[in-house]
Amino acid sequence: MIAPHGGRLVERTAPGEQRERLAKEAPRLPQVPLSQRELADLEMIGCGAMSPLEGFLGEADYRSVVDSMRLANGLPWSIPVVLSAKDEAQGRLGAGDRVALVDDQARTLAVMDITERYQVDHDYEAQMVLRTADEAHPGVQYLRSISNTYLGGPVHLIRRVEHRDFLRYRLEPKETRVLFAARGWSRVAAFQTRNPIHRAHEYLQKCALELADGLLIHPLVGETKADDIPAQVRMRCYEELIAAYYPRDRVVLSVFPAAMRYAGPREAIFHALIRKNYGCTHFIVGRDHAGVGRYYGSYDAHAIFGEFSPEEIGITPLFFDHAFYCARCGNMATAKTCPHGEEDHVVFSGTRVREMLAAGELPPPEFTRPEVARILVEAARR
Amino acid sequence: MPRGSSEAVTLKIPRPLYERLRQMIEGTGFRSVTEFATYVLRDLASRPGGQGARPRARRERGEAPLTPAELAAVRERLRRLGYL
């Protein structure tokens, strides 16, 4: 089994007696309400998905991650995982203070021991992490919405983050690791997505599965921008597709609780490292991974892996070019495997697909499986 | 006199351990400590060479550092969800 990032799977859920003690103490502590992104991060830190992180980043780690895509100890880590102060009083908290991290219902989920408070420059963070400070970028908009005072320190979870959806698909890293071992899989390819699945995605997944023992389809169900297809719709597509076209004993469908950062190449590294923690050995990186608009080159998310040695990343990226159906080849292909021109390729832009779906028109089966297209058309009508 | 294989016997464990196990099974689907202990012990006994008794060996291989009880709880959840 592949080792977690940093060598051990972090577990930040407080054990029995400590949990009871912290739960009693929590009502007397200052409360820090979490944003949707911070809530997802907390959940993932708690279960080890973000190993080796044990809490929200302190200043040395933050600056190192922003500047060099590494934690202060040199371990690759490409995205700042941070907690912002929510008001002036929280902006005065500092080392030695203990706070309760609460959800939108004021339920205490965790206690955090603050080790430091620090100020950041959001323009700089945006330029370094998102490669832009353009206000139209959703990641920049998020940074503009939060305080530039961050609080760092380890967390102790005393209560699970409550979910009402996808309950049967929520697996923690320790669970996927046991599952893969039980199925006898030593090579597991992970597929991250926030989009509905078309034939091109299916092609990448099945190419990866030809090389691996098993496939983890791991759709992101945390916060996304408003015009992304809702996770409920995407999951229905996956269920239909797997039932009709995938070997059930070689595929695991489970949800990935993270929020989208839209950080393109840096998020590709982040997504890969986290899937290593889930026990995956390979990670599919397609065209414009975690991208948005025209902020990133189509294959920037491939190139960024070259900034690290394969040993320090640990999980093996599987790079794929843009895939399409070629009418002359009579199969799915990419520019690497098909010699024919664009006139033979069945390709639609995202905008064109949205127009078709809104008009109740099914995309051709060479582009989208009919089972998936019907779900998308139905969703577009609502 | 030989007894039937389905007949239960009593195992004695320290009360603090019992209380700890009772806390551990909250929310896992196990209805009692007896049911949990039976599951864990059966799982351990079914493995060749008693692998489940050696969590350190699993850790050395980079596998999940779970105790046998934790491992049993994870497997039970995976079964209930239809993954195993």
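Observations
- In order along segment A:370-380, the phi-based Karplus estimate (6.51 cos²θ - 1.76 cosθ + 1.60, θ = phi - 60°) of 3J(HN,Hα) comes to x, 4, 6, 4, 5, 5, 5, 5, 4, 5, 5 Hz; Gly and Pro are listed as x.
- Think of the protein assembly as shown as a dipole: +1 on every Lys or Arg Cβ, -1 on every Asp or Glu Cβ, centred on the Cα centre; then among A:Phe305, A:His156, A:Leu83, A:His156 lies furthest on the positive end.
- Rg over Rh for segment A:1-109 works out to 0.98, using Cα positions for both radii and the Kirkwood form for Rh.
- Ranked for footprinting exposure by Cβ neighbours inside 10 Å, fewest first, B:Leu11, B:Leu81, A:Leu34 give B:Leu11, B:Leu81, A:Leu34.
- Order of A:Asp41, A:Asp103, A:Asp227 - criterion: other Cβ atoms within 10 Å of each residue's Cβ, fewest first: A:Asp227, A:Asp103, A:Asp41
- Calculated [θ] (222 nm, deg cm²/dmol) that DSSP helices of n ≥ 4 give over chain A, each run adding -39,500 (n - 2.57): -9500 deg cm²/dmol
- Proxy reagent accessibility, fewest Cβ within 10 Å first, across A:Trp77, A:Trp185: A:Trp185, A:Trp77
- Stokes-Einstein D for segment A:92-183, Kirkwood Rh over Cα pairs, 20 °C, 1.002 mPa s (µm²/s): 130 µm²/s
- Estimated FRET transfer efficiency (A:Asn73, A:Glu20; beta-carbon r; R0 35 Å; 0.05): 0.60
- When its C-alpha radius of gyration is set against 2.2 N^0.38 Å (N residues), segment A:301-382 gives a value of 1.46.
- Cross-link reach list, aspartates and glutamates versus A:Lys86, counting only Cα pairs under 16 Å and skipping chain neighbours closer than eight places: A:Glu38, A:Asp97, A:Asp103, A:Asp104, A:Glu116
- Highest GNM mean-square fluctuation among A:Gly264, A:Gly341, A:Gly74, for chain A modelled with Cα contacts below 10 Å: A:Gly341.
- With the convex hull drawn over the C-alpha atoms of the protein assembly as shown, the volume per residue is 173 Å³.
- Lys/Arg +1, Asp/Glu -1 at C-beta; the protein assembly as shown dipole; positive extreme among A:Leu130, A:Pro219, A:Gly58: A:Pro219
- Lys/Arg +1, Asp/Glu -1 at C-beta; the protein assembly as shown dipole; positive extreme among B:Tyr39, B:Met24, A:Ser35: B:Tyr39
- R0 of 60 Å, Cβ-Cβ distance A:Gln141-B:Ala8: FRET efficiency to nearest 0.05: 0.45
- Neighbouring partner chain Cβ atoms per residue of A:180-188, average, 10 Å criterion: 1
- GNM flexibility winner over chain A from A:Pro317, A:Pro138, A:Pro27 (Cα, springs under 10 Å): A:Pro27
- Cβ-derived FRET efficiency at R0 25 Å, A:Glu311 paired with A:Ala181, nearest 0.05: 0.60
Read-outs: derived from the displayed coordinates by stated rules, not from any lab. Owing to the predicted nature of the structure, the values given are computational and were not obtained by experimental measurement. All Cβ positions, glycine included, derive from the backbone under ideal geometry; neighbour counts span all protein chains shown.
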